[in-house]
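A quick write-up on the structure given underneath.
The values are calculated or read from the model by the stated rules, or taken from the named source; none is laboratory data. For clarity, every value in this text was computed on a predicted model and none was experimentally measured. Here the Cβ positions follow ideal geometry from the backbone for every residue, glycine too, while neighbour counts run over all protein chains shown.
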Number of protein chains: 2
Amino acid sequence: MQSIAPGIWQLTIGQPEEHTPTRHRAFAPSADAMSKLPTVDQAPFDLSQIKTKQTARGLLIEIPLEASDELYGLGLQLKSHRQTGKKKTLAVNSDPVADTGDSHAPVPVIMSTNGWGIFVDTLRNATFQCASNQKVSTDTAREQTDSDIAINTEDLYAQRALAQKTLVIEVPHVQGVDLMFIGGPDMVDAVKRYNLYSGGGCLPAIWGLGVWYRAFGRFTQEQVLDMAKHLRDRKMPCDVMGLEPGWQTKAYSCSYVWANERYPDPQQLIDDTKAMGYKLNLWEHAFTHPSSPIYDELKEHSGNYEVWKGLVPDFTVQKAFDIFSDYHDKNLVSKGITGFKLDECDSSDFVYSDWSFPLLSEFPSGMDGEQYHNLFGNKYMQCIDDTFRRHNLRTCSAVRNAHSLASPFAFVLYSDLYDHKDFVRGVVNMGFTGLLWTPEVRHATSPEDLVRRIQAAMLSPQALINAWYISNPPWKQIDRTLNNDGQMMDNWEELEAHCRSAFELRMQLVPYLYAAFADYQITGNPPFRALVMDWPADENTYDLDSQYMCGQDLLVAPMFAGETQREVYLPAGRWHDFYSGKVHEGEQTLTVSATLDEIPIFVKDGTLLPLAKPVQHIESDTVFELTPKCFGENCRDAKLYEDDGVSFDHQQGKFNIVTLTADGKLTREGDYGTVRYVMGDA
Amino acid sequence: MQSIAPGIWQLTIGQPEEHTPTRHRAFAPSADAMSKLPTVDQAPFDLSQIKTKQTARGLLIEIPLEASDELYGLGLQLKSHRQTGKKKTLAVNSDPVADTGDSHAPVPVIMSTNGWGIFVDTLRNATFQCASNQKVSTDTAREQTDSDIAINTEDLYAQRALAQKTLVIEVPHVQGVDLMFIGGPDMVDAVKRYNLYSGGGCLPAIWGLGVWYRAFGRFTQEQVLDMAKHLRDRKMPCDVMGLEPGWQTKAYSCSYVWANERYPDPQQLIDDTKAMGYKLNLWEHAFTHPSSPIYDELKEHSGNYEVWKGLVPDFTVQKAFDIFSDYHDKNLVSKGITGFKLDECDSSDFVYSDWSFPLLSEFPSGMDGEQYHNLFGNKYMQCIDDTFRRHNLRTCSAVRNAHSLASPFAFVLYSDLYDHKDFVRGVVNMGFTGLLWTPEVRHATSPEDLVRRIQAAMLSPQALINAWYISNPPWKQIDRTLNNDGQMMDNWEELEAHCRSAFELRMQLVPYLYAAFADYQITGNPPFRALVMDWPADENTYDLDSQYMCGQDLLVAPMFAGETQREVYLPAGRWHDFYSGKVHEGEQTLTVSATLDEIPIFVKDGTLLPLAKPVQHIESDTVFELTPKCFGENCRDAKLYEDDGVSFDHQQGKFNIVTLTADGKLTREGDYGTVRYVMGDA
């Protein structure tokens, strides 16, 4: 056990593989920031407790747990929250149809309520048995099971309680691996430590915190512009306009070349939308079509299997990285494109088998398909991110796959799946292991469903309306077919008003959210967190998979269509209803209902919430007019983060910490010379 | 490439593992029968065509295909029929939620329309890429994809046609493997050859071809007897009465001890039901509860992980095999139990993770959990089968897992899943690789659904009504809750009559089916077959996954609830509607409808179908009264198989081949002295 960073110990077992997440990390650990976390004197386990064994299948690691250990993490787990009792095989997959570990973003990192974490430094599809199975014991006094005869499969197959909890990790195919043991002392400290070890949380371009709208895939340049105008006309705040596959001459696989028949003058579109305050985001995936200008150059630096007839570039080969980055720079980023949607870098054998390369593929770097699948999203993000960094520009983008050590990427995960509760569970779970996730909104089964989905999206890392398969905004017609037929609902303006109300709530919260992201970057504290992360000793938080913390002070509990009320657990302390101000004592479960315009939000007692006057879009020089709202008495000062919002100058100290006090004062400390926040007139 | 049996060649790559299907085979190859198949002079591939490579993940094998090769098999694939274009990772799993290769019974055997098969002799979870993926080629002239922009995920992710077809097999974790190349010359010959290499198809106890009824799990001895009487009173033919977990003191895991509170006098029940013509079948699984009399003895011969707090016996250890078999013999088989339902020897991480042992388990034989999972069903069947063989008794039983070389086991696979089309697809697919499968009937969504399901079950290997979670027959009340509340439907006698009609059709066909099973045993020809197996040159058969051949002469096309008509493809030849006698020319697709009492059946021209007068149950001395029906002119002779139906004496030649001629003559050849078939009066 070797200390490798403040509060992190590494155990090297056998001979680790050449290709691992740390070997391919994009960012150095934020060692300074780590040293500011509470000191941890020793590793959470000592060597004598850890059993390892080499088998024909790979490496087996057994770590004893306390009865009180409850486990969370493993990446974007959409199907379950608490991992204790689960067996998960981490594998990249776009369609996790069951709760077995498949994920857009599987991450071999697990966190315990007892304030420690473990990071398995592997690109293999490792299995985590989280106290899921019991070994045959030598103890002969065995519990007798109930002899009532079950008459349904749920009862028959229900999980039985275990006498003894063990975390068993199997890393297939390897002769060795590095394990990182992450200290707390508290759960949230272990999470922060992991994020800082990854390089710190991301700070997205500030406009990325506005509303996103992805336009219909078959739109022409003119139609995109019409939609952009329509949103402005209707006073629907929107920052990012996304183009779907139709912008390219070839998609599935991709040419990365503008399709002139639909986009005769891309520069004009970029300039026109920019003039209206939009940032243009382009859909793509990395599978490179034979007609692409970079195909021939990329070929020798790509995997030996095609995907949809395109190449799979090996981004760990510098030449492939550069070819891809240079092309994007010259043709897209330099022209004014501000971000990308990196689609399908996950994979799915559940859909069709030539989507994505086989696990048995070979890559020029020497990686096989299994390893590269786990790394693909990270390296693709790095390639695109790097292209913006050349211009001293931050992005806020989208991606379908990520792995470990990805905390510094301002890329948000999304999905083709659409179960609303799963989507909210994603917001709850992603924070354990350095990910961001959007419960994006596409169509809806009812106006209520649309509003409830939009409300949850607005209180997530990325406020995304993904209208790629409908030609009109979903609030004008929720039904996909009618929408594309141009038949709008009679009362669409009423539904639009509900959605506008949700959009405006988002825009009110932008300064608060930006401060939460700054905190993520500086301290590693995730901007969206499961309640168990902040209250790990409170058992009532262990299974809360549909409510979450947003920033330090807001507890969000989305409503779901068809449910007129829901339960919300309030942990220790006193809480204020965001809308009515009604006070509730903590450590109780409330049953709440909410009008269609309200998503239940509870504010920590003593919070000074810096609400902004909603703007339609956010520019580098946007100034927010603040009206802080005090919940309770003797409100704590509010801290905001002020910088240009788009460059990396803050890394050279060009930022301010702005302090608001309950008596209406605003002061700032720092080296950034321009004002972003002023007190409003309220 | 070494010839190891007539028409089968073995290629040994590297150093194969110690534990493989052939190493643990239960039956010797039927070499004599194999030599009667058409001669094949050379292996379907030569060594120079096969590429192999050792990787960190395991062994990679690439086999070039012809453009005309279409692939089928891989065990009980419920989600797809034609495997060409699919990527399948074979893994034992009770809940194959997607079409990725998980199965109750994954079998590493694949068959081509070009008349060859490949058997990979491994207990590993091998991956088969059946021309699913395309390598990057050196050919620079690439097909340009259509530039129309898809607006739904189905179109986006649709499988693209491949330029070049290759079968890629990856066997994980191994340093070597034996491949068996199976010659035809025709597809059905390759299938027969595989079955004979496995030891020949099974010949179940003849009563196993009657109707099965599994009674409510909470029934007492008295209630079981009442149900047995009820079925006789209502003239619902039934041979096998199945008891569910409630017969044991402990289930999940199992004690294998009668629960006296529900079953005060098991011997009386066995005797009473036997007197009424029933054969008693007992549910169990092999996970042995601490309270079981064999627990202590089994412990040292079991895997190191518990399942539902029970032991997992290592049946490859002779001692464990004997303990389990001896106990079953002494306490159950010797008392008159005629068969078992071997539940849950598959596994499911999709349900709860302590159902079944982890893949990383260790077994005393030296196998790991992955290997033992693949072998578990086979060895469990062998253990139970052997118990009956000691008494010179055949069984017909049920099992939830099987692997390769399982053709000789008279055990039928079943499932907790319930999609009717998937269930019928199972009947279509199982025949490629030596399996039997029942599309069992439990509840129904409508009376029509019940009848349609029962009809398909009656024309399958096992005619099973599995009423384990309802206390009354489903035809008295289809709704599960109402059924258990004792609220019968008003018109239940009408529905019962429809079901009786289906039961009686089954009983009419018993001699025909028994002959088909005898053929399975002698020649390896599966009693239920996909049409492509008999017409591999007819492309129209390639995707027929809801119609199948039953025996040599019947083409069955089940109806599904809610569909008033369906399409049926008739291959070359002339076909007769079973009911109306209407003649249809082959090589056309008919649209057929069917009254609720009819399941579409088409009879090959010239067939003399030996229909029997339905009996209520089948005994060793049951004599069937036959009324052969001639479909067409100049009907071919019909052949039937005559023996005692329950012993292995037939292996010493004690059987007759009975010939029926169109002019009403019945002759027999052979050494069996008792008459089972007589001509009826019709």
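Select from region B:74-102 the residues that are β-branched (V, I, T) and within 13 Å of chain A (Cβ to nearest Cβ) and list them in ascending order.
From region B:74-102, those β-branched (V, I, T) are B:84, B:89, B:92, B:97, B:100; that's our starting set.
Across region B:74-102, the qualifying residues are B:T84, B:T89, B:V97, B:T100.
I'd like the residue in region B:358-377 that is touching a Phe, Trp or Tyr at 6+ places or on another chain (Cβ under 7 Å) and in a loop (DSSP other than H, G, I, E, B) and, out of all such residues, is farthest from the other protein chains (Cβ to nearest Cβ).
By that ranking, first place goes to B:F363.
How about region A:643-682: which strands (runs of 3 or more DSSP E) wholly inside it have at least 2 residues that are touching a Lys or Arg at 6+ places or on another chain (Cβ under 7 Å)? Talk me through it step by step, then tell me what you get.
Details: elements: A:656-660, A:666-670, A:677-679.
Per the criteria, A:656-660.
Please determine whether any residue of region B:459-466 is surrounded by fewer than 22 Cβ atoms within 10 Å (Cβ to Cβ) and more than 14 Å from chain A (Cβ to nearest Cβ). Give the steps one after another, and end with the answer.
Here is the first cut: in region B:459-466, the ones surrounded by fewer than 22 Cβ atoms within 10 Å (Cβ to Cβ) are none.
The answer is no, given that none of the residues of region B:459-466 is surrounded by fewer than 22 Cβ atoms within 10 Å (Cβ to Cβ) and more than 14 Å from chain A (Cβ to nearest Cβ).
Give B:S94, B:S80 a once-over and let me know the one that is under 19 Å from the mean Cα position of the chain (by Cα), modelled with pLDDT under 95 and hydroxyl-bearing (S, T, Y).
Details: B:S80 fails: modelled with pLDDT under 95.
Residue meeting the stated conditions: B:S94.
Do you know which residues across region A:420-447 are among the basic types (K, R) and crowded, with 21+ Cβ neighbours inside 10 Å? Lay out the reasoning, then the answer.
Of all residues in region A:420-447, those among the basic types (K, R) come to A:421, A:425, A:442.
Selection gives A:R425 alone.
Just give me the residues in region A:101-124 being in a loop (DSSP other than H, G, I, E, B) and either crowded, with 24+ Cβ neighbours inside 10 Å or not assigned by TED's automatic domain parsing to the domain that holds A:D186 (or both), in sequence order.
A:G101, A:H104, A:A105, A:T113, A:T122, A:L123, A:R124
When both residues are 6+ apart or on different chains and their Cβ atoms are under 6 Å apart, which pairs have a first residue that lies in region B:569-595 and is among the aromatic types (F, W, Y), and a second that is part of a strand (DSSP E or B)?
Listed pairs, sorted by first residue: B:Y569/B:T589; B:W575/B:H584; B:W575/B:F602; B:F578/B:I601; B:F578/B:V603.
Just to be sure I understand the filter: pairs with C-beta atoms under 8 Å, separated by 6 or more residues or on different chains, first member in region A:54-68 and facing chain B (nearest Cβ under 8 Å) and of a type in the set (S, T, Y), second member in a loop (DSSP other than H, G, I, E, B) and surrounded by 14 or more Cβ atoms within 10 Å (Cβ to Cβ). Which pairs pass?
A:T55/B:L360
Buried (at least 24 other Cβ atoms within 10 Å of the Cβ), within 14 Å of another protein chain (Cβ to nearest Cβ) and in contact (Cβ under 8 Å) with a residue 40 or more places away in the chain: does that describe A:L71?
yes
With the requirement that a residue be touching a helix residue (DSSP H, G or I) at 6+ places or on another chain (Cβ under 6 Å) and within 24 Å of A:Q267 (Cβ to Cβ), what does region A:283-333 give you?
A:W283, A:T288, A:I294, A:I323, A:F324, A:S325, A:H328, A:D329, A:V333
Scan region B:520-540 for residues that are of a type outside the set (S, T, N, Q), in a helix (DSSP H, G or I) and buried (at least 24 other Cβ atoms within 10 Å of the Cβ) and jot them down.
B:Y520, B:V532, B:M533
Given the residues B:N540, B:N525, B:N491, B:N483, which is the only one that is within 14 Å of chain A (Cβ to nearest Cβ) and either within 30 Å of B:M227 (Cα to Cα) or of a type outside the set (F, W, Y) (or both)?
That would be B:N483, the only listed residue that is within 14 Å of chain A (Cβ to nearest Cβ) and either within 30 Å of B:M227 (Cα to Cα) or of a type outside the set (F, W, Y) (or both).
Quick one: which residue in A:G208, A:G242, A:G277 is closer than 30 Å to A:I522 by Cβ and surrounded by fewer than 24 Cβ atoms within 10 Å (Cβ to Cβ)?
It is A:G277.
For B:T288, only one of the following conditions fails: (1) closer than 19 Å to B:W468 by Cα; (2) in contact (Cβ under 8 Å) with a residue 12 or more places away in the chain; (3) in contact with a strand residue (DSSP E or B) (Cβ under 9 Å, 6 or more places away or on another chain). What is its number?
(1)
Can you name every residue in region A:663-682 that is surrounded by fewer than 17 Cβ atoms within 10 Å (Cβ to Cβ) and not charged (D, E, K, R)? Please lay out each step first, then the result.
Taking region A:663-682 and keeping what is surrounded by fewer than 17 Cβ atoms within 10 Å (Cβ to Cβ), we get A:663-665, A:667-671, A:673-675, A:678-682.
Within region A:663-682, A:G664, A:T667, A:G670, A:G673, A:T674, A:V675, A:V678, A:M679, A:G680, A:A682 meet the criteria.
With the checklist (1) away from chain A (no Cβ under 12 Å); (2) at pLDDT 95 or above in hand, flag the one item B:L47 doesn't pass.
Exception for B:L47: condition (2).
Mind checking which residues of region A:245-260 are surrounded by fewer than 21 Cβ atoms within 10 Å (Cβ to Cβ) and touching a residue at least 12 places away in the same chain (Cβ under 8 Å)?
Selection gives A:T249, A:V257, A:A259.
Okay, residues lined up against (1) under 21 Å from A:H24 (Cα atoms); (2) at pLDDT 75 or above; (3) more than 11 Å from every other protein chain (Cβ to nearest Cβ):
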{"site": "A:R124", "(1), (2), (3)": "yes, yes, no"}
{"site": "A:T145", "(1), (2), (3)": "no, no, no"}
{"site": "A:Q159", "(1), (2), (3)": "no, no, no"}
{"site": "A:D178", "(1), (2), (3)": "yes, yes, yes"}
{"site": "A:D186", "(1), (2), (3)": "no, yes, yes"}
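Considering only region A:1-44, state which residues are over 27 Å from the mean Cα position of the chain (by Cα) and either more than 18 Å from A:L196 (Cβ to Cβ) or in a helix (DSSP H, G or I) (or both).
A:M1, A:Q2, A:L11, A:T12, A:I13, A:G14, A:Q15, A:P16, A:E17, A:E18, A:D41, A:Q42
With (1) outside the structural domain of A:W535 (by TED's automatic domain parsing); (2) of a type outside the set (V, I, T); (3) touching a helix residue (DSSP H, G or I) at 6+ places or on another chain (Cβ under 7 Å) as the list, and A:G670 as the residue in question, which single condition is left unmet?
Of (1) outside the structural domain of A:W535 (by TED's automatic domain parsing); (2) of a type outside the set (V, I, T); (3) touching a helix residue (DSSP H, G or I) at 6+ places or on another chain (Cβ under 7 Å), only one is false for A:G670: (3).
What do you reckon, is B:D314 closer than 22 Å to B:R124 by Cα, modelled with pLDDT under 95 and in the same structural domain as B:Q268 (by TED's automatic domain parsing)?
Here the answer is no, as B:D314 does not meet what is asked.
A:S593 is checked against (1) within 19 Å of A:G115 (Cα to Cα); (2) surrounded by fewer than 16 Cβ atoms within 10 Å (Cβ to Cβ) and fails just one. What number does that condition carry?
(1)
For the subset of region B:219-252 comprising residues that are within 10 Å of chain A (Cβ to nearest Cβ) and touching a helix residue (DSSP H, G or I) at 6+ places or on another chain (Cβ under 9 Å), which member is farthest from B:M276 (Cα to Cα)?
Here is the first cut: in region B:219-252, the residues within 10 Å of chain A (Cβ to nearest Cβ) are B:219, B:244-252.
Next cut, touching a helix residue (DSSP H, G or I) at 6+ places or on another chain (Cβ under 9 Å) only: B:219, B:245, B:247, B:251-252.
On the way: B:F219: 18, B:P245: 23, B:W247: 20, B:A251: 28, B:Y252: 31 Å.
The qualifying residue farthest from B:M276 (Cα to Cα) is B:Y252.
Looking at region B:392-402, is at least one residue touching a helix residue (DSSP H, G or I) at 6+ places or on another chain (Cβ under 6 Å), more than 30 Å from B:R25 (Cα to Cα) and either in a helix (DSSP H, G or I) or not assigned by TED's automatic domain parsing to the domain that holds B:F560 (or both)?
Checked against the condition, which is being touching a helix residue (DSSP H, G or I) at 6+ places or on another chain (Cβ under 6 Å), more than 30 Å from B:R25 (Cα to Cα) and either in a helix (DSSP H, G or I) or not assigned by TED's automatic domain parsing to the domain that holds B:F560 (or both), region B:392-402 yields no hits at all.
So if I check each of A:F560, A:F517, which one is of a type in the set (F, W, Y) and in a loop (DSSP other than H, G, I, E, B)?
Matching residue, one of A:F560, A:F517: A:F560.
If a residue counts only when it is more than 30 Å from A:Y641 (Cα to Cα) and outside the structural domain of A:V532 (by TED's automatic domain parsing), which strands (runs of 3 or more DSSP E) contained entirely in region A:173-271 have at least 1 such residues?
In region A:173-271, A:175-183, A:240-243 are the strands (runs of 3 or more DSSP E) which contain 1 or more residues that are more than 30 Å from A:Y641 (Cα to Cα) and outside the structural domain of A:V532 (by TED's automatic domain parsing).
Tell me, yes or no, whether region B:378-387 has at least one residue that is more than 9 Å from chain A (Cβ to nearest Cβ), aliphatic (A, V, I, L, M) and either without any contact (Cβ under 8 Å) to a residue 40 or more places away in the chain or outside any loop (DSSP other than H, G, I, E, B) (or both).
yes
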